[in-house]
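The values are calculated or read from the model by the stated rules, or taken from the named source; none is laboratory data. Just so we're clear, the structure is a prediction, and the values are computed from it rather than from any experiment. Cβ: placed from backbone, ideal geometry, glycine included. Neighbour counts: every protein chain shown.
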Protein chains: 2
Amino acid sequence: MRSVSIKELLTGKQLLQEITVNGWVRTFRSNRFIALNDGSTLHNIQCVVDFEKFDDAILKQVNTGAALKITGTLVESQGKGQNVEIQVRDIFVHGDANPEVYPIQPKKHSLEFLREKAHLRVRTNTFSAVMRVRSALAFAIHQYFRDNGFYYFHAPIITGSDAEGAGEMFRVTTLDEKNPPLKEDGTVDFKEDFFGKETNLTVSGQLEAEAYAMALGKVYTFGPTFRAENSNTSRHLAEFWMIEPEMAFYDLDANMDLAEDFIKYVLGYILEHCEEDLKFLETRLLDEEKTKPQSERSEMALIEKLKFITDNNFKRVTYTEAIEILRNSSPNKKKKFQYLIDAWGADLQSEHERYLVEKHFKCPVILFDYPAKIKAFYMRLNEDGKTVRAMDILFPGIGEIVGGSQREERLDVLKQKMTALDIPEEELWWYLDLRKFGTAVHSGFGLGFERLVLFATGMGNIRDVIPFPRTPQNAEF
Amino acid sequence: MRSVSIKELLTGKQLLQEITVNGWVRTFRSNRFIALNDGSTLHNIQCVVDFEKFDDAILKQVNTGAALKITGTLVESQGKGQNVEIQVRDIFVHGDANPEVYPIQPKKHSLEFLREKAHLRVRTNTFSAVMRVRSALAFAIHQYFRDNGFYYFHAPIITGSDAEGAGEMFRVTTLDEKNPPLKEDGTVDFKEDFFGKETNLTVSGQLEAEAYAMALGKVYTFGPTFRAENSNTSRHLAEFWMIEPEMAFYDLDANMDLAEDFIKYVLGYILEHCEEDLKFLETRLLDEEKTKPQSERSEMALIEKLKFITDNNFKRVTYTEAIEILRNSSPNKKKKFQYLIDAWGADLQSEHERYLVEKHFKCPVILFDYPAKIKAFYMRLNEDGKTVRAMDILFPGIGEIVGGSQREERLDVLKQKMTALDIPEEELWWYLDLRKFGTAVHSGFGLGFERLVLFATGMGNIRDVIPFPRTPQNAEF
């Protein structure tokens with residue numbers, strides 16, 4: 001008999017049929033009720049055992065975490081909380097889980113404890129819900145772009161260029177770790193390395209995506225990116241996934257339109273497809289926040305917060321306007337901000353971004369036209385000569401979630417900016433080629449996938465929304 | 001006016017309307033016919049210019065590769081080869097492309113030449129077709145798994161374990177390249193490295209996927225994997241993308257069923273959605289093969305070959321049967337094989353795999369139950385004590401395209417195999433945990449994405465089916 005998923009079973013379509021189901025025991029109550037879960041859904045199916053008909057040796061193995069194959073009849077449930085249950089005819093124990101040593105017991109575990117058990121934590125309700133939502137978000141991203149005429153493009157992971165300067169990089173090498181070959185001047189001879197040059201892990205696929213956009217029109221990356229920064233915070237990972245769409249013939253306005261539409265689509269997708277998991281995560285968050293002082297609690301419950309994004313127009317504000325608002329704001333005047341805003345040109349911190357979204361505008365905000373000095377070299381210079389066509393999307397509770405720009409398509413302007421920043425032209429000869437041959441207005445943005453999952457699930461630490469987090473001093477599993 | 005994609009325009013729905021379109025010039029004939037392409041489709045749109053109405057300075061910039069914005073009226077075409085064309089009212093030159101220096105001219109370029117211009121080669125018909133098919137295949141993969149109850153799971157890229165032994169690895173480090181910190185015994189002190197231990201780029205996400213399958217039921221990875229092997233062949237990349245589904249409660253038969261169904265779905269998807277690109281690639285391949293001796297040409301044209309997969313049942317044959325067939329085969333007896341098959345236990349080479357598929361069975365073949373000695377430690381040992389529940393799927397022209405197995409779920413057997421292969425238990429403590437707590441039958445397989453794209457597009461070199469290939473001595477762009 002083919003086994004069937006618990007998600008299917010719970011729809012009740014196989015009522016009164018004999019079915020076989022496989023899964024893991026979540027709890028076993030009163031020697032009678034097995035709550036079985038197979039990961040297909042948050043919900044368990046209740047399996048009702050007539051213990052007098054079963055060997056004690058079998059029932060003793062029915063502990064939390066044990067893997068079972070259960071055969072029986074699907075019937076309407078007598079108890080509360082479920083519509084259907086299984087009257088068990090046969091139990092086969094695939095593998096038991098000794099309660100003396102199995103760490104995932106049916107009690108509250110701290111997220112920190114579970115982080116040490118990253119190979120097992122997905123067996124909990126919280127992490128299975130997070131990872132199902134993560135998977136749905138990833139699918140929604142592919143679906144959105146496919147529906148909108150984008151091509152998925154794989155940017156290289158190992159890169160020979162470190163010109164973007166988005167952050168510290170990891171070196172990728174096969175040279176002898178202790179005695180690398182040296183050149184005559186005593187420096188390491190990377191010509192002897194695997195790729196014949198020094199190589200690093202990518203910090204962004206954008207530059208390569210531009211090359212593809214200038215041929216296929218609309219493309220996007222969705223791949224891992226890396227930062228070798230010693231940031232031990234709840235918002236930083238050394239290895240994370242990023243989505244980077246890049247569109248030929250899009251100016252900054254079209255870029256903002258796309259980013260807003262895209263974010264609303266993917267969050268709308270999980271509101272539609274992940275209702276149960278989101279409700280569970282919403283309750284989890286409410287419980288967690290009960291332990292916090294009122295001032296630190298979210299103003300909105302999880303689902304309300306997601307709808308706040310999908311149902312509101314994003315307010316578009318120039319950086320210059322935002323600085324004026326912040327300079328005159330009450331927390332700035334009362335010196336409540338950690339970083340006070342006193343002049344145009346200041347880089348905004350998370351506290352400022354959150355003030356704008358949560359207190360001032362009370363809706364998602366897109367800031368644009370930033371000072372050139374605080375933004376990357378490839379962003380298009382405005383006619384004023386001091387701002388660039390950059391945009392950041394700011395979300396409640398999280399601050400910046402998207403950063404994008406119209407790209408500098410003019411060869412001479414780009415070269416000047418590279419010279420000013422000491423970026424050697426020979427490093428980016430191919431990127432300059434894109435401006436020499438058939439250059440055009442184009443734009444794109446980057447979205448850190450884990451930041452999005454963090455926002456969508458209401459989890460507090462980015463290490464809890466990626467299966468096996470990589471952070472300083474931590475590459476376990 | 002909103003610009004519209006050429007793909008949309010060619011459907012003719014905007015006939016007699018004024019439209020604006022952006023794209024790059026492919027050719028400009030007779031000072032009158034601009035063939036414009038925007039990457040949305042293989043096809044160009046013909047833009048008809050009344051040259052007397054345009055400034056010569058504008059028309060002189062209309063060269064192959066120039067980016068234009070064209071406004072005009074969509075009308076039924078007078079010429080052959082297209083249904084609609086644009087009567088041009090206005091031309092705006094986004095960026096020109098000096099024919100003296102722009103390398104992608106409308107003539108035949110060798111694939112080797114274009115490989116050196118990987119940032120521009122996607123502006124050709126061949127590479128844009130390949131990359132559109134690649135994108136469609138990637139989407140089909142996500143669609144298939146989503147439709148079948150799988151969760152997408154991101155395996156870590158940087159890994160602290162090198163236990164699988166699937167191949168040579170790249171080291172990931174932030175230590176000083178010349179003077180790394182040393183321990184008292186003179187070896188490098190990786191405790192000082194970013195992750196506090198030696199780390200490498202992953203060769204496979206399978207082991208981590210098993211951890212997720214044993215909680216979520218059915219999962220898959222789709223991410224980059226790496227081999228630091230000095231293989232300069234048309235089939236090997238140092239960086240490539242791999243798909244690895246992993247399913248709890250699946251035995252080898254269910255695994256084979258899934259793999260066959262999956263491959264038929266994704267190839268069926270491109271037959272349905274990429275017809276024009278595939279036809280173009282089929283013609284390209286036929287042209288290329290005209291230069292080869294008859295014996296080296298494909299027996300089937302591209303689309304026929306794809307249908308050969310989608311329309312045939314895959315023949316399932318044990319390794320033992322296959323060895324018998326090969327031993328008695330004419331090329332073995334006549335010593336035509338480079339590696340002669342004389343005894344059970346031999347590892348099969350591509351020539352043998354292709355013989356089985358192309359000459360003997362004349363259909364896709366799944367070989368299973370391989371000798372334990374030539375397969376990985378995690379494959380489930382059969383009762384005979386000498387074969388394991390491994391399976392490889394063999395395709396015409398390419399040999400192995402999928403490798404999979406039922407996994408060894410028995411703790412004691414797994415430990416014995418690890419001991420025999422000197423794999424330290426402390427390296428894989430968490431992998432062993434999966435067998436200690438709720439272990440169960442489970443299976444999975446791996447599919448090299450670029451091998452699939454190679455097969456689907458009929459290209460001859462794997463460097464031509466990934467945007468920016470990484471191979472020994474080559475990490476340009």
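With B:LYS436, B:LYS336 as the choices, which residue is among the basic types (Lys, Arg) and away from every other protein chain (no Cβ under 14 Å)?
That would be B:LYS336, the only listed residue that is among the basic types (Lys, Arg) and away from every other protein chain (no Cβ under 14 Å).
What helices (runs of 4 or more DSSP H), lying completely within segment B:1-116, carry at least 3 residues that are within 11 Å of chain A (Cβ to nearest Cβ) and loosely packed, with under 15 Cβ neighbours inside 10 Å?
So the answer is none; nothing clears 3.
Yes/no per residue for (1) touching an Asp or Glu at 6+ places or on another chain (Cβ under 6 Å); (2) surrounded by fewer than 23 Cβ atoms within 10 Å (Cβ to Cβ); (3) in contact (Cβ under 8 Å) with a residue 60 or more places away in the chain; (4) in the same structural domain as B:GLY404 (by the TED database):
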{"site": "B:TYR220", "(1), (2), (3), (4)": "no, no, yes, yes"}
{"site": "B:ARG235", "(1), (2), (3), (4)": "no, yes, yes, yes"}
{"site": "B:PHE240", "(1), (2), (3), (4)": "yes, yes, yes, yes"}
{"site": "B:GLU244", "(1), (2), (3), (4)": "no, no, yes, yes"}
{"site": "B:ALA259", "(1), (2), (3), (4)": "no, no, yes, yes"}
{"site": "B:TYR265", "(1), (2), (3), (4)": "no, yes, yes, yes"}
{"site": "B:CYS274", "(1), (2), (3), (4)": "no, no, yes, yes"}
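Quick one: would you say A:GLU324 is within 30 Å of A:LYS279 (Cα to Cα), of a type in the set (Asp, Glu) and not assigned by the TED database to the domain that holds A:HIS442?
Considered against the rule, which asks whether it is within 30 Å of A:LYS279 (Cα to Cα), of a type in the set (Asp, Glu) and not assigned by the TED database to the domain that holds A:HIS442, A:GLU324 comes out as no.
Please find, among A:PRO224, A:PRO156, A:PRO245, the residue that is more than 8 Å from chain B (Cβ to nearest Cβ) and either assigned to a helix (DSSP H, G or I) or under 30 Å from A:VAL465 (Cα atoms) (or both).
Result of the check over A:PRO224, A:PRO156, A:PRO245: A:PRO245.
Condition first: more than 20 Å from B:GLY448 (Cα to Cα) and either within 22 Å of the chain's Cα centre (by Cα) or not in a strand (DSSP E or B) (or both). Now tell me which residues in segment B:378-392 satisfy that.
B:ARG380, B:ASN382, B:GLU383, B:ASP384, B:GLY385, B:LYS386
Among the residues of segment B:301-339, which ones are under 22 Å from B:MET459 (Cα atoms), part of a helix (DSSP H, G or I) and of a type outside the set (Asp, Glu)?
Residues satisfying the conditions are B:LEU302, B:ILE303, B:LYS305, B:LEU306, B:LYS307, B:PHE308, B:ILE309, B:THR310.
What are the residues in segment A:340-364 that are outside any helix (DSSP H, G or I) and among the β-branched types (Val, Ile, Thr), if any?
Passing the criteria: only A:ILE341.
Which residues, counting only those in segment A:117-142, are more than 8 Å from chain B (Cβ to nearest Cβ) and of a type in the set (S, T, N, Q)?
A:THR124, A:ASN125, A:THR126
With more than 13 Å from every other protein chain (Cβ to nearest Cβ), assigned to a loop (DSSP other than H, G, I, E, B), more than 21 Å from the chain's Cα centre (by Cα) and at pLDDT below 95 as the only criterion, which of A:LYS292, A:LYS178 stands out?
A:LYS292
Could you please let me know if B:PHE395 is more than 30 Å from A:SER161 (Cα to Cα), within 16 Å of the chain's Cα centre (by Cα), crowded, with 16+ Cβ neighbours inside 10 Å and not aliphatic (A, V, I, L, M)?
The answer is yes for B:PHE395.
State whether the residues of segment B:100-121 include one that is more than 29 Å from B:ASP422 (Cα to Cα) and among the polar types (S, T, N, Q).
yes
Being in contact with a helix residue (DSSP H, G or I) (Cβ under 9 Å, 6 or more places away or on another chain) and in the same structural domain as B:ASP369 (by the TED database): is that true of B:PHE226 here?
no
When the residues of segment B:439-477 are narrowed to those that are more than 7 Å from every other protein chain (Cβ to nearest Cβ) and of a type in the set (Ser, Thr, Tyr), which ends up nearest to B:ASP277 (Cα to Cα)?
Looking at residues that are more than 7 Å from every other protein chain (Cβ to nearest Cβ) and of a type in the set (Ser, Thr, Tyr), I get B:THR457.
Tell me, yes or no, whether segment A:143-153 has at least one residue that is free of Cβ contacts under 8 Å to residues at least 24 places away in the same chain, closer than 30 Å to B:ILE270 by Cα, within 7 Å of another protein chain (Cβ to nearest Cβ) and assigned to a helix (DSSP H, G or I).
Scanning segment A:143-153 turns up at least one residue that is free of Cβ contacts under 8 Å to residues at least 24 places away in the same chain, closer than 30 Å to B:ILE270 by Cα, within 7 Å of another protein chain (Cβ to nearest Cβ) and assigned to a helix (DSSP H, G or I).
From the list A:ALA138, A:ALA129, A:ALA155, pick out the single residue that is touching a Gly at 6+ places or on another chain (Cβ under 6 Å) and in the same structural domain as A:ILE374 (by the TED database).
A:ALA155
Residues are listed down the side, and each one gets a yes or a no for (1) assigned to a helix (DSSP H, G or I); (2) closer than 25 Å to A:GLY223 by Cβ:
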| residue | (1), (2) |
| --- | --- |
| B:LEU237 | no, yes |
| B:ASP253 | yes, no |
| B:ILE263 | yes, yes |
| B:GLU272 | yes, no |
| B:GLU299 | no, no |
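List the number of the failed condition for A:SER298; all other conditions in (1) within 28 Å of A:THR126 (Cα to Cα); (2) at pLDDT 95 or above hold.
(2)
Filtering segment A:227-242 down to residues that are among the charged types (D, E, K, R) and more than 8 Å from chain B (Cβ to nearest Cβ), which residue is farthest from B:SER5 (Cα to Cα)?
This residue is A:GLU229.
Could you tell me how many of the residues in segment A:334-346 are more than 21 Å from A:PHE368 (Cα to Cα) and in contact with a Leu (Cβ under 9 Å, 6 or more places away or on another chain)?
Selection size over segment A:334-346: 1.
Has segment A:340-357 got any residue that is outside the structural domain of A:GLY385 (by the TED database), among the basic types (Lys, Arg) and within 27 Å of A:ASP261 (Cα to Cα)?
Yes, the conditions are met somewhere in segment A:340-357.
Tell me, yes or no, whether segment A:204-211 has at least one residue that is out of contact with any Ser or Thr (no Cβ under 6 Å at 6 or more places or on another chain) and free of Cβ contacts under 8 Å to residues at least 12 places away in the same chain.
No.
Being within 14 Å of chain B (Cβ to nearest Cβ) and more than 33 Å from the chain's Cα centre (by Cα) is the filter; apply it to segment A:398-432 and report the residue that is modelled with the lowest pLDDT.
So, considering only residues that are within 14 Å of chain B (Cβ to nearest Cβ) and more than 33 Å from the chain's Cα centre (by Cα), the one modelled with the lowest pLDDT is A:GLU426.
Quick one: would you say A:LYS191 is among the charged types (D, E, K, R), outside the structural domain of A:PHE150 (by the TED database), at pLDDT 95 or above and not in a strand (DSSP E or B)?
Considered against the rule, which asks whether it is among the charged types (D, E, K, R), outside the structural domain of A:PHE150 (by the TED database), at pLDDT 95 or above and not in a strand (DSSP E or B), A:LYS191 comes out as yes.
Quick check on B:PHE195: is it facing chain A (nearest Cβ under 9 Å), without any contact (Cβ under 8 Å) to a residue 40 or more places away in the chain and not β-branched (Val, Ile, Thr)?
yes
Among the residues of segment A:277-317, write down those that are in contact (Cβ under 8 Å) with a residue 40 or more places away in the chain, surrounded by fewer than 18 Cβ atoms within 10 Å (Cβ to Cβ) and either aliphatic (A, V, I, L, M) or touching a Ser or Thr at 6+ places or on another chain (Cβ under 7 Å) (or both).
The answer is A:MET300, and nothing else.
Restricting attention to segment B:196-218, report how many residues are surrounded by fewer than 24 Cβ atoms within 10 Å (Cβ to Cβ) and assigned to a loop (DSSP other than H, G, I, E, B).
Final tally of qualifying residues: 5.
Please go through segment A:59-89 and give me each residue that is under 24 Å from B:VAL441 (Cβ atoms) and without any contact (Cβ under 8 Å) to a residue 12 or more places away in the chain, ordered by number.
Passing the criteria: only A:LYS60.
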